[in-house]
Amino acid sequence: MEGNRIGRRTVLRTAGALAAATAVTGCGTLMGSGESRTSSGGGKKRLVVSNSGGAYNDALVKAIYEPFTKETGITVTTVNYQSAQVIAQVKQGRPQVDLMDNGLLIFQKMARLDCLEPVDYDRLKSVKGSGIAQAQLPEHAVGKNVWASVMAYRTDSLKRAPRNWADFWNTHSFSGPRSLQSVEVDLPELEFALLADGVPLDKLYPLDVDRAFASMSRIRGDVKKFWNTGALPAVLLGRKEVVATSLWGGRADELIKQGQPVAYQWNGARRMTNGWGIPKGADNTDAAYKLIDFSLRPEVQAAFSKLYSGSPVVPAAIKLLSEDDLVNQPTSPKNLKTGFDADVAWWDKNRDAVAKRWQEWADA
């Protein structure tokens with residue numbers, strides 16, 4: 001879940017530089033003559049954390065950052081970097097963040113490039129005996145919350161509610177401009193295209209990429225914007241520039257709280273896990289571990305989920321949520337049945353090829 005956008009030329013320049021260096025050294029710190037950097041993490045009272053911003057950051061501030069500062073005296077400063085920017089910083093030996101909040105898929109790639117510190121789970125008391133699923137505790141990251149991409153729509157623009165992605169693709173019965181996610185911000189929504197084309201939830205993977213792009217081509221003329229920042233789809237929907245869009249669940253909740261005539265559909269929602277990762281060479285690891293540990297306390301996990309549509313990874317936190325709280329959680333019993341988990345292994349293997357295919361399709 002990466003909310004910030006880097007211009008395409010910047011991405012290409014960065015990617016070119018990284019590819020050349022990574023071929024030789026991976027993402028280990030590149031040092032000039034006599035230059036060095038150590039990871040001390042000793043006693044600093046300011047922690048710089050990168051996340052995707054918007055309503056997600058607002059919930060983090062209220063549920064995690066402010067209570068953490070009150071308890072520890074460590075202030076949290078947030079920035080909005082994409083992983084490519086942090087990778088470049090690590091390669092230059094000067095990571096500008098102490099801790100990253102991002103998707104486990106992003107961290108899997110960064111770990112492969114040797115851009116993350118391995119997690120010392122002995123320093124995380126909240127993990128021991130917590131029941132967190134092993135898949136959410138990889139070697140170089142720590143799962144924190146499960147989020148979902150959903151279909152949202154304006155109730156004042158459509159005569160009836162779209163029930164699934166097939167309805168979203170049905171521009172005759174549900175007329176009006178749409179918006180979908182671009183490859184620039186996160187994974188392109190090939191799964192939604194396949195669901196619209198009749199592929200069952202349990203038969204999505206491995207993705208039929210040719211079929212997905214053919215489905216995307218059928219709706220392309222009605223897509224006003226392939227959104228390239230996490231905030232944009234909510235803006236488009238709020239301004240009535242589109243009648244329906246994909247967007248991150250918490251952003252839809254924020255529109256509804258503002259009184260906008262907006263609803264969203266859990267049917268066909270794509271679930272992914274966000275977590276914590278420490279960039280290689282970060283020099284405030286002590287504070288980073290303290291924040292990670294604090295965020296995994298059941299009461300803190302529950303407090304965040306009450307503010308944002310991000311399900312806890314700690315099972316005990318679920319018991320602290322009311323029935324009303326669970327309605328808008330991706331992993332509630334009801335929503336689990338109608339959505340699906342993104343196949344991280346498939347995307348990690350195929351993401352670059354799909355991104356290249358997307359760019360060629362978008363430019364055609």
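The values are calculated or read from the model by the stated rules, or taken from the named source; none is laboratory data. Computed from a predicted model, the values in this text were never measured in an experiment. So basically every Cβ, Gly included, is an ideal-geometry build from the backbone, and we count neighbours across all protein chains shown. Heavy atoms of the whole protein, side chains included, go into the accessibility calculation; ligands, DNA and RNA do not. Shrake-Rupley method; radii C 1.70, N 1.55, O 1.52, S 1.80 Å.
Okay, here's what the table says:
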read-out	value
First in the range 67-82 and closer than 17 Å to GLN301 by Cα, second anywhere and open to solvent by less than 40 Å² (accessible area, probe 1.4 Å) and not in a strand (DSSP E or B), Cβ under 6 Å, 6 or more apart	PHE68/LEU291; PHE68/PHE294
Within the range 257-293, considering residues that are open to solvent by 10 Å² or more (accessible area, probe 1.4 Å) and part of a helix (DSSP H, G or I), the one nearest to LYS159 (Cα to Cα)	LYS257
Filter result for the condition that a residue is open to solvent by less than 20 Å² (accessible area, probe 1.4 Å), at pLDDT 95 or above and not acidic (Asp, Glu), over SER179, SER157	SER179
Inter-residue pairs, beta-carbon under 6 Å, first farther than 15 Å from VAL146 by Cβ and in the range 340-357, second loosely packed, with under 14 Cβ neighbours inside 10 Å, 6+ apart	TRP346/PRO206
Hey, SER83 at pLDDT below 95 and out of contact with any Gly (no Cβ under 6 Å at 6 or more places or on another chain) or not	yes
Candidates GLU241, GLU254, GLU191 - the one that is among the acidic types (Asp, Glu) and open to solvent by less than 10 Å² (accessible area, probe 1.4 Å)	GLU191
Complete set of residues in the range 194-208 that are among the hydrophobic types (A, V, I, L, M, F, W, C) and buried (at least 16 other Cβ atoms within 10 Å of the Cβ)	LEU194, LEU195, ALA196, VAL199, LEU204, LEU207
Residues of the range 306-330 satisfying the condition of being of a type in the set (Gly, Ala, Ser), in a loop (DSSP other than H, G, I, E, B) and open to solvent by 10 Å² or more (accessible area, probe 1.4 Å)	SER322
Selection within the range 171-203 - of a type outside the set (Val, Ile, Thr), under 24 Å from ARG251 (Cα atoms) and in a loop (DSSP other than H, G, I, E, B)	PHE174, SER175, GLY176, PRO177, SER182, GLU184, ASP186, LEU187, PRO188, GLU189
Filter pass, ALA302 being surrounded by 20 or more Cβ atoms within 10 Å (Cβ to Cβ), within 23 Å of VAL48 (Cα to Cα) and at pLDDT 95 or above	no
